[in-house]
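The structure under discussion appears below in the form of structure tokens.
The values are calculated or read from the model by the stated rules, or taken from the named source; none is laboratory data. None of the values given here were measured: they were computed from a predicted structure. Heads up, the Cβs are rebuilt from the backbone with ideal geometry, glycines too, and the neighbour counts pull from every protein chain shown.
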Protein chains: 2
Amino acid sequence: MRAGPSQEEIRRHNLGALLRHVHLGGPTSRAELTSRMGLNRSTIMALTADLTAAGLVREELPRETGRAGRPSLVVRPESARVYVFALDVGVDRLVAARVGLGGTILDRREAVRRRGPFSLEEVAAPLAAFARQMHRKTRPDTVCVGVAAAFSGGVARDDGVVRFGPNMGSVDVPFGEEMARRLGLGLPVAVGNDANLAALAEHARGAGSGCRDLVYLHGDVGVGGGVIAGGTLLGGHQGFGGEVGHMIVNPRGRSCGCGSLGCLEAEVGERALLEAAGRFDGAGALVGRDAVRAVVDAADRGDIVAQAALKRVGDWLGLGVANLVNIFNPEMVVFGGMLREVYLGSAAQVRSRLATDALPPVREHLRLRVSALGDDATLVGAAELAFSQVLADPLEVLARAGS
Amino acid sequence: MRAGPSQEEIRRHNLGALLRHVHLGGPTSRAELTSRMGLNRSTIMALTADLTAAGLVREELPRETGRAGRPSLVVRPESARVYVFALDVGVDRLVAARVGLGGTILDRREAVRRRGPFSLEEVAAPLAAFARQMHRKTRPDTVCVGVAAAFSGGVARDDGVVRFGPNMGSVDVPFGEEMARRLGLGLPVAVGNDANLAALAEHARGAGSGCRDLVYLHGDVGVGGGVIAGGTLLGGHQGFGGEVGHMIVNPRGRSCGCGSLGCLEAEVGERALLEAAGRFDGAGALVGRDAVRAVVDAADRGDIVAQAALKRVGDWLGLGVANLVNIFNPEMVVFGGMLREVYLGSAAQVRSRLATDALPPVREHLRLRVSALGDDATLVGAAELAFSQVLADPLEVLARAGS
């Protein structure tokens with residue numbers, strides 16, 4: 001119910017919209033921007049001139065046009081010059097990447113993470129070291145416009161503090177603050193739930209590109225989710241929205257780390273699958289993504305224990321998806337993390353459950369897809385979170401970054 | 001990613017915003033509008049003049065100000081002149097009302113509806129007759145700016161066709177089109193799912209006023225829901241969002257009208273409660289809201305069968321609410337329809353389930369409330385839907401209405 005925007009707000013909005021176009025869509029001709037944004041040519045020219053002067057985009061003659069006449073200039077993001085740091089705190093790995101405007105991963109470092117009780121030091125120290133190494137290698141004319149991290153836990157929107165996570169219980173980890181201090185770049189570190197960020201990434205650049213209503217399910221040790229509703233990430237009151245892994249699907253079922261019985265996480269998570277397949281905690285047994293892949297491969301080769309395990313897990317996954325489909329009426333459900341493998345190995349079971357348990361008009365147009373960004377969905381989501389400030393207010397962020 | 005708004009769009013937005021202020025907030029002084037809308041005095045004066053000229057608001061001296069100096073004029077909605085028709089197709093009743101701008105119910109007609117197979121004629125004929133009766137009684141200087149209906153079924157957003165409902169199976173009922181034809185007012189009839197509209201109403205004028213994230217649960221024969229996420233109704237891809245009644249909470253549970261087992265609707269709906277209380281289908285047994293109230297009253301008086309029935313139903317209701325709280329992280333859950341009574345009779349059970357099954361940081365700030373609008377929540381929601389066009393573009397709608 002607030003008032004309409006001022007001229008200055010409209011300009012800022014338009015600058016951000018144009019930058020977002022080339023950030024997500026890649027090099028785009030002025031003519032295309034004119035038609036896609038519904039603005040006239042002179043406005044596009046003025047906006048492009050501002051962004052060019054700020055060093056965020058550059059204009060070039062297109063390689064070839066195939067048409068007669070003067071070709072329309074192509075606007076490209078300055079990927080090599082303007083970048084963010086994206087961090088990913090996964091259950092089994094830590095990743096830091098330098099990502100250029102436009103989404104290009106310019107540099108990355110990765111370390112294996114041992115499972116066990118959470119320690120801030122053990123996570124923050126290597127990530128900070130990676131970022132410093134990458135920062136030292138940058139040219140002097142480059143500029144870092146944001147830093148963000150994906151964290152496999154519940155992250156409060158107000159302060160970016162991690163409030164809960166698998167194997168963490170209820171905690172208060174000021175992860176963003178600690179990372180900002182260690183990085184010393186003079187920039188805050190935004191923190192988001194990993195599944196929420198992966199959902200954003202799949203929506204912006206992945207399987208769900210163009211979908212306004214999407215449910216993303218992310219499997220790890222735990223099961224998380226991210227929901228895009230009407231084009232926007234469902235955050236909820238405190239930012240914990242989308243914790244679909246703790247939807248109870250089987251009230252007499254397996255016990256969950258959260259204390260309840262039969263949460264989706266308890267029935268379809270890594271441990272549920274490996275136990276059902278008789279592969280949990282055996283001597284020399286694999287864990288993590290490799291272990292999940294091994295079950296799917298074994299089922300493919302005809303191993304009946306692995307097949308039964310996938311059938312069992314697929315059945316609960318299907319019930320959970322049916323519930324979410326009835327609740328959200330999404331256009332697409334995307335399976336990511338280890339649920340990508342689980343879905344690929346149990347698609348028939350999932351679809352059969354949907355046919356029984358989802359309301360017919362709601363499932364009619366539903367598409368089921370696996371993550372297009374794979375294991376990097378969370379990292380790409382962190383990069384998008386880091387870019388969100390510069391896309392909202394390009395000139396202001398650049399001015400603050402001291403370019 | 002579209003361009004910023006034009007001057008004309010900003011004016012339209014501001015006219016709508018001002019009208020919405022007085023529609024929802026009641027008579028408001030110019031001074032208050034100036035500060036709440038963040039616009040300067042002359043803009044507020046110009047907007048008010050436009051709305052006054054269009055006959056949507058009028059300005060008056062306030063009754064008493066208690067202050068020295070010239071009092072700020074008060075802007076009031078023209079409730080007696082500008083109105084909508086709101087229709088409510090409930091399971092047990094049909095209601096039509098003439099609702100004035102500002103939300104005043106000016107006139108209403110109601111009929112009992114017999115339960116049984118759905119018939120368009122049996123629903124549309126009395127509603128049209130009611131609307132015609134009320135229309136004939138209006139003064140010549142009044143203007144109808146919209147018509148909308150709440151329908152207990154799944155309503156497609158694109159065409160307002162009812163696609164499914166309790167006791168209806170999967171159908172295609174062009175209810176809005178049929179009502180518009182019968183009313184002959186030259187206005188389209190917007191149709192919305194009753195629980196969705198009740199959620200909008202509780203958000204705009206009821207228990208959830210001021211909440212940006214709210215889950216509304218509606219009990220009738222069936223159980224429906226409406227979710228306000230970030231201030232906006234969750235519609236989903238086709239408009240069927242919020243069908244939380246078909247979330248399976250007990251996969252080995254009672255059979256549901258949809259064909260599944262253990263849907264929330266099957267475990268906490270009217271029939272589940274009455275059967276558990278041994279009061280279903282007995283000779284002379286009550287049905288509907290009265291029957292539900294009778295169980296709650298009996299439990300209050302110490303009837304142990306009724307107490308056990310409420311405990312059982314409250315337990316499943318609590319599990320369902322815990323799931324929704326984990327998924328949506330709402331600020332508030334509102335119980336409406338017959339679930340208002342069920343919640344009042346089983347609040348301890350619901351809260352105990354929440355304490356076990358909802359993630360602690362997610363339930364920490366959660367408020368549980370019963371519907372403030374009671375049985376009229378769906379009707380009020382229909383009125384708000386009918387007003388939505390005039391609030392989006394006041395002058396255009398009025399011009400079309402031929403005032």
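Would you pick out the residues in the range B:66-104 that are without any contact (Cβ under 8 Å) to a residue 40 or more places away in the chain, among the aliphatic types (A, V, I, L, M) and assigned by TED's automatic domain parsing to the domain that holds residue B:148?
B:94, B:96
Going through the range A:195-214 one residue at a time, which ones are surrounded by fewer than 24 Cβ atoms within 10 Å (Cβ to Cβ) and within 11 Å of another protein chain (Cβ to nearest Cβ)?
Selection gives A:211, A:212, A:213.
Taking the range A:31-46 as the search range and keeping residues that are among the polar types (S, T, N, Q) and more than 9 Å from chain B (Cβ to nearest Cβ), which one is nearest to residue B:47 (Cα to Cα)? Explain how you work it out, then say what you get.
Within the range A:31-46, the first condition is being among the polar types (S, T, N, Q), and the residues that meet it are A:34-35, A:40, A:42-43.
Now drop any that are not more than 9 Å from chain B (Cβ to nearest Cβ), which leaves A:34-35, A:40, A:42.
Working: A:34: 32, A:35: 33, A:40: 29, A:42: 31 Å.
This residue is A:40.
Just checking: which of the strands (runs of 3 or more DSSP E) contained wholly in the range A:14-104 hold 1 or more residues that are touching a Pro at 6+ places or on another chain (Cβ under 8 Å)? Let's see the steps before the verdict.
Working: elements: A:57-60, A:74-77, A:82-89, A:93-100.
Strands (runs of 3 or more DSSP E) meeting the threshold: A:57-60, A:74-77, A:93-100.
Assess whether residue B:116 counts as being outside the structural domain of residue B:218 (by TED's automatic domain parsing), touching a Gly at 6+ places or on another chain (Cβ under 8 Å) and on the phi > 0 side of the Ramachandran plot.
no
What are the residues in the range A:244-259 that are within 17 Å of residue B:361 (Cα to Cα), modelled with pLDDT of 95 or more and within 7 Å of chain B (Cβ to nearest Cβ), if any?
Passing the criteria: A:244, A:246, A:247.
Conditions: (1) buried (at least 19 other Cβ atoms within 10 Å of the Cβ); (2) in a loop (DSSP other than H, G, I, E, B); (3) under 21 Å from the mean Cα position of the chain (by Cα); (4) within 14 Å of chain A (Cβ to nearest Cβ). Residue B:221 meets all but one. Number of the miss?
With respect to (1) buried (at least 19 other Cβ atoms within 10 Å of the Cβ); (2) in a loop (DSSP other than H, G, I, E, B); (3) under 21 Å from the mean Cα position of the chain (by Cα); (4) within 14 Å of chain A (Cβ to nearest Cβ), residue B:221 is out only on (4).
Just wondering, is there one or more residues in the range A:348-359 that are in contact with a strand residue (DSSP E or B) (Cβ under 7 Å, 6 or more places away or on another chain), part of a helix (DSSP H, G or I), of a type in the set (S, T, N, Q) and within 22 Å of residue A:220 (Cα to Cα)?
Scanning the range A:348-359, I find no residue that is in contact with a strand residue (DSSP E or B) (Cβ under 7 Å, 6 or more places away or on another chain), part of a helix (DSSP H, G or I), of a type in the set (S, T, N, Q) and within 22 Å of residue A:220 (Cα to Cα), so the answer is no.
Hey, among A:354, A:385, A:395, which residue is more than 16 Å from residue A:207 (Cβ to Cβ) and within 14 Å of chain B (Cβ to nearest Cβ)?
A:354
Looking at residue B:372, is it in contact (Cβ under 8 Å) with a residue 24 or more places away in the chain and part of a helix (DSSP H, G or I)?
no
Which of the following residues is under 30 Å from residue B:32 (Cα atoms), surrounded by fewer than 17 Cβ atoms within 10 Å (Cβ to Cβ) and in contact with a Leu (Cβ under 7 Å, 6 or more places away or on another chain): B:71, B:62?
B:71
Please pick out the residue among B:379, B:366 that is under 29 Å from residue B:187 (Cα atoms) and at pLDDT 95 or above.
Answer to the check: B:379.
Among the residues that make up the range B:16-30, is at least one of them within 14 Å of chain A (Cβ to nearest Cβ), among the hydroxyl-bearing types (Ser, Thr, Tyr) and under 31 Å from the mean Cα position of the chain (by Cα)?
Yes.
Out of all the residues in the range A:302-331, which are buried (at least 22 other Cβ atoms within 10 Å of the Cβ) and either away from chain B (no Cβ under 14 Å) or not in a helix (DSSP H, G or I) (or both)?
A:306, A:309, A:310, A:313, A:314, A:329, A:330
Looking at (1) surrounded by fewer than 24 Cβ atoms within 10 Å (Cβ to Cβ); (2) within 13 Å of chain B (Cβ to nearest Cβ); (3) at pLDDT 95 or above; (4) closer than 18 Å to residue B:246 by Cα, can you tell me which one residue A:361 breaks?
Result: residue A:361 passes all but (3).
Of the conditions (1) assigned to a strand (DSSP E or B); (2) aliphatic (A, V, I, L, M); (3) in the same structural domain as residue B:142 (by TED's automatic domain parsing), residue B:382 clears all except one; give me its number.
With (1) assigned to a strand (DSSP E or B); (2) aliphatic (A, V, I, L, M); (3) in the same structural domain as residue B:142 (by TED's automatic domain parsing) applied to residue B:382, the lone miss is (1).
Just the residues that are facing another protein chain (nearest Cβ under 7 Å) and either surrounded by fewer than 24 Cβ atoms within 10 Å (Cβ to Cβ) or under 11 Å from residue B:157 (Cβ atoms) (or both), please, taken from the range B:231-243.
B:232, B:235, B:236, B:237, B:238, B:240, B:241
Of all residues being among the acidic types (Asp, Glu) and in contact (Cβ under 8 Å) with a residue 40 or more places away in the chain in the range B:259-287, which is surrounded by the most Cβ atoms within 10 Å (Cβ to Cβ)? Just the residue, please.
The residue in question is B:265.
Which numbered condition trips up residue B:313, out of (1) closer than 16 Å to residue B:353 by Cβ; (2) aliphatic (A, V, I, L, M); (3) touching a strand residue (DSSP E or B) at 6+ places or on another chain (Cβ under 8 Å)?
(3)
Restricting to the range A:161-181, count the residues that are closer than 16 Å to residue A:88 by Cα and either outside any loop (DSSP other than H, G, I, E, B) or within 14 Å of chain B (Cβ to nearest Cβ) (or both). Outline the logic, then answer.
Here is the first cut: in the range A:161-181, the ones closer than 16 Å to residue A:88 by Cα are A:161-162, A:165-166, A:173-180.
Restricting the remaining residues to those that are either outside any loop (DSSP other than H, G, I, E, B) or within 14 Å of chain B (Cβ to nearest Cβ) (or both) gives A:161-162, A:165-166, A:173, A:175-180.
Of the residues in the range A:161-181, 11 are closer than 16 Å to residue A:88 by Cα and either outside any loop (DSSP other than H, G, I, E, B) or within 14 Å of chain B (Cβ to nearest Cβ) (or both).
Looking only at the range B:335-350, which residues are under 27 Å from residue A:255 (Cβ atoms) and either surrounded by 18 or more Cβ atoms within 10 Å (Cβ to Cβ) or touching a helix residue (DSSP H, G or I) at 6+ places or on another chain (Cβ under 6 Å) (or both)?
B:346, B:349, B:350
Residue-by-condition table, conditions (1) free of Cβ contacts under 8 Å to residues at least 24 places away in the same chain; (2) assigned to a loop (DSSP other than H, G, I, E, B):
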| site | (1), (2) |
| --- | --- |
| A:227 | no, no |
| A:235 | no, yes |
| A:238 | no, yes |
| A:252 | yes, yes |
| A:257 | no, yes |
| A:289 | no, no |
| A:295 | no, no |
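Which residue out of B:292, B:321 is farther than 30 Å from residue A:224 by Cα and of a type in the set (Val, Ile, Thr)? Reasoning before the result, please.
On the way: B:321 fails: farther than 30 Å from residue A:224 by Cα.
After ruling out the rest, the residue left standing is B:292.
Here are the criteria: (1) within 17 Å of residue B:221 (Cβ to Cβ); (2) out of contact with any Phe, Trp or Tyr (no Cβ under 9 Å at 6 or more places or on another chain). Tell me which single one residue B:291 does not satisfy.
Of the numbered conditions (1) within 17 Å of residue B:221 (Cβ to Cβ); (2) out of contact with any Phe, Trp or Tyr (no Cβ under 9 Å at 6 or more places or on another chain), the odd one out for residue B:291 is (2).
State all residues of the range B:237-272 that are under 19 Å from residue B:341 (Cα atoms) and of a type outside the set (A, V, I, L, M, F, W, C); if no residue qualifies, say none. Give the steps one after another, and end with the answer.
First, the residues of the range B:237-272 that are under 19 Å from residue B:341 (Cα atoms): B:244-245, B:264-272.
The answer is B:245, B:265, B:267, B:269, B:270, B:271.
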